[in-house]
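A.B. asks: The following block contains the structure, expressed as structure tokens.
The values are calculated or read from the model by the stated rules, or taken from the named source; none is laboratory data. If you're wondering where the values come from, they're calculated on a predicted model, not measured in any experiment. Note: ideal-geometry Cβ built from the backbone for every residue, glycine included; neighbour counts use all protein chains shown. The protein model used for the area step is the full one, side chains on, heavy atoms only, and it has no ligands, DNA or RNA in it. Shrake-Rupley method; radii C 1.70, N 1.55, O 1.52, S 1.80 Å.
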Amino acid sequence: MASLTAHTALIGSSTSTSSTTYVDVTASISGTMKASTKYLVMCTAHVTNTSAARPWSMRLIERSDAAGAVEIDTSEVTRETTSAGSENPYMWTGIYTTTSNAPDDGGIVIQQKVKNVADTATTEYASLVVLELTELSEGTDYFVTTDA
């Protein structure tokens, strides 16, 4: 029977930033991810911002032993809070194939930033679950459809 390898990351307490460049919300997920491997990535977070007038952004990246990081395609979301301090969701689910470089220390990380340094975005809760799909067959064990 096929088995699933799961990697997870949660934050134990809220994470805040007033940075206009991306900063990590979670540490790299635990466990060892493999290079050039297909994963199902599921992410959810609850975010507040101190300003109702300016947006904040979230995204997922893959860290690898190559220089820099790779943004997971379509994971970046920019939102404007309807009222200061109100909670807003961030969610992303998709299938992602890691780069050909060996992911460093687990690889996938949730990041956040604000549009203006006068604002503070706070992630109250974040959950990241990554399932390796190597031992499963697409079309038999799982199905993928995309909405164009």
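A.B. asks: Do you know which residues across the stretch 25-45 are part of a strand (DSSP E or B) and open to solvent by 60 Å² or more (accessible area, probe 1.4 Å)?
C.D. replies: Answer for the stretch 25-45, where residues must be part of a strand (DSSP E or B) and open to solvent by 60 Å² or more (accessible area, probe 1.4 Å): Lys38, Met42.
A.B. asks: Starting from residues that are under 13 Å from the mean Cα position of the chain (by Cα) and closer than 11 Å to Tyr125 by Cα, keep the ones in the stretch 10-24 and report whichever is surrounded by the fewest Cβ atoms within 10 Å (Cβ to Cβ).
C.D. replies: Among residues in the stretch 10-24 that are under 13 Å from the mean Cα position of the chain (by Cα) and closer than 11 Å to Tyr125 by Cα, the one surrounded by the fewest Cβ atoms within 10 Å (Cβ to Cβ) is Leu10.
A.B. asks: Output the qualifying pairs, or none if there are none: Cβ atoms under 7 angstrom, residues six or more apart or on different chains, first residue in the stretch 113-141 and without any contact (Cβ under 8 Å) to a residue 60 or more places away in the chain, second residue open to solvent by less than 30 Å² (accessible area, probe 1.4 Å).
C.D. replies: Every condition considered, no pair remains.
A.B. asks: If you check Thr93 against the conditions, is it at pLDDT 85 or above, open to solvent by 70 Å² or more (accessible area, probe 1.4 Å), at negative phi and not in a loop (DSSP other than H, G, I, E, B)?
C.D. replies: Considered against the rule, which asks whether it is at pLDDT 85 or above, open to solvent by 70 Å² or more (accessible area, probe 1.4 Å), at negative phi and not in a loop (DSSP other than H, G, I, E, B), Thr93 comes out as yes.
A.B. asks: Oh, and also: Quick one: which of Thr99, Thr78, Thr74 is open to solvent by 40 Å² or more (accessible area, probe 1.4 Å), over 18 Å from Ser14 (Cβ atoms) and part of a loop (DSSP other than H, G, I, E, B)?
C.D. replies: Step by step, each of Thr99, Thr78, Thr74 is checked, and only Thr74 is open to solvent by 40 Å² or more (accessible area, probe 1.4 Å), over 18 Å from Ser14 (Cβ atoms) and part of a loop (DSSP other than H, G, I, E, B).
A.B. asks: Just to verify a result, which residue in the stretch 124-148, among those that are polar (S, T, N, Q) and over 12 Å from the mean Cα position of the chain (by Cα), is surrounded by the fewest Cβ atoms within 10 Å (Cβ to Cβ)?
C.D. replies: Ranking the qualifying residues of the stretch 124-148, first place goes to Thr145.
A.B. asks: So Ser100 fits all but one of (1) farther than 15 Å from Tyr22 by Cα; (2) among the hydroxyl-bearing types (Ser, Thr, Tyr); (3) modelled with pLDDT of 90 or more; what number is the exception?
C.D. replies: Among (1) farther than 15 Å from Tyr22 by Cα; (2) among the hydroxyl-bearing types (Ser, Thr, Tyr); (3) modelled with pLDDT of 90 or more, Ser100 violates only (3).
A.B. asks: Please enumerate the residues belonging to the stretch 45-61 that are at pLDDT 95 or above and either hydroxyl-bearing (Ser, Thr, Tyr) or touching a helix residue (DSSP H, G or I) at 6+ places or on another chain (Cβ under 6 Å) (or both).
C.D. replies: The answer is Ser57, and nothing else.
A.B. asks: When you go through Val77, Val117, Val41 one by one, which is the residue that is of a type in the set (A, V, I, L, M, F, W, C), under 17 Å from Ala27 (Cβ atoms) and modelled with pLDDT of 90 or more?
C.D. replies: Val41
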